[in-house]
Amino acid sequence: MAKPDLSVEISGIKLRNPVMTASGTFGYGKEFSDYLDLEKIGAIITKGLSLRPKAGNPTPRIVETPGGMLNAIGLQNVGIDAFIGEKLPFLRTVDTPVIVNLYGNTLEEYGELAEKLDRLPEVAGLEVNISCPNVKQGGIVFGTDPNAAAEVVGLVRRSTSKPLIIKLSPNVTDVVRMADACVSAGADALSLINTLPGWPLICRSAARFLPI
C-alpha cells in the first residue's frame, strides 16, 4: 500500500509533513537527535534567538501544578553569533527545513537579527516572536499593540527576503486585529500562539517558586 502524501507548503517552505517543533521546546535540534529521526518531521523551529546571549531566569523556573506546568525560562539562548558558529553546522547535516525563531527588545534589534539570518542559505524561514517588551516605548509589548506589531513586521520584512512567520501573543482582546496588522505589514504566515500566561497562586507549590 502506498504511503499517503503528507507534504505541505507554507509560504514557499516545502515540508514533508505538517509536524513542526515548537520554538522553545526543542532547543536547536541536536538536543533531540538521539530520540527521534529529525528527517522524519516537517521542520525544525529553533529556540528563540536574540542579538546577544541571554542567561534567562534563575532556577527553579519550571514547576508542576495540579493543572499542568508553569514555566518562566526567560528566553535563555546562546545569541545569534554562537548559533551561527556552533549550532548551524549540525543543522546543515539534517535534511529538514530549519526555521529560526528570533526576538528583540527594540525595532533595531529585530532588523539586525533578520539581516544576519537573511544571509544564511541553510535557514528556510524566520519566525518572529513579537511578545517582547518594547524598551523604547516604556515597556509596551509589541504583540499587544497593532501599530507596534506592524512596525516590527514591516522592518523585518524589509530586512529579509525569507518567508516570514509571525508568532502572535495570546494576551490580547482581539487576536484577529493583531493578525490583520501583521499580514498587512508583510507577514507570510502566522503562528498561533505564544505561551499562555499562568497564575502562580493557583497552587501552593507554584507560589513557593515563581514570583508574583
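The values are calculated or read from the model by the stated rules, or taken from the named source; none is laboratory data. Computed from a prediction, not measured in an experiment: that's the story for all the values here. Note that we place each Cβ from the backbone using ideal geometry, even for glycine, and neighbour counts take in every protein chain shown.
Each residue in the stretch 190-205 was checked for being among the hydrophobic types (A, V, I, L, M, F, W, C), in contact with a strand residue (DSSP E or B) (Cβ under 9 Å, 6 or more places away or on another chain) and either at pLDDT below 95 or surrounded by 18 or more Cβ atoms within 10 Å (Cβ to Cβ) (or both), and 5 pass. Contact map, the stretch 154-177: residues that are touching a residue at least 24 places away in the same chain (Cβ under 8 Å) and under 28 Å from Glu115 (Cβ atoms) paired with residues that are among the β-branched types (Val, Ile, Thr) and assigned to a loop (DSSP other than H, G, I, E, B), Cβ distance under 9 Å, separation 6+ or inter-chain. Pairs shown: Ile166/Ile130; Lys167/Ile130; Lys167/Ile193; Leu168/Ile130; Leu168/Ile193; Ser169/Ile130; Ser169/Ile193.
Taking (1) within 20 Å of Leu190 (Cβ to Cβ); (2) in contact with a Lys or Arg (Cβ under 7 Å, 6 or more places away or on another chain); (3) among the polar types (S, T, N, Q) in turn, Gln76 satisfies each apart from (1). Counting only strands (runs of 3 or more DSSP E) that sit wholly inside the stretch 1-99, those with at least 1 residues that are under 21 Å from Ser161 (Cβ atoms) are 8-10, 13-15.
Look at (1) more than 28 Å from Ile10 (Cβ to Cβ); (2) hydrophobic (A, V, I, L, M, F, W, C); (3) touching a residue at least 24 places away in the same chain (Cβ under 8 Å) and you find that Ile62 fails only one, number (3). Does Leu88 fit the bill of being of a type outside the set (S, T, N, Q) and modelled with pLDDT of 95 or more? Considered against the rule, which asks whether it is of a type outside the set (S, T, N, Q) and modelled with pLDDT of 95 or more, Leu88 comes out as yes.
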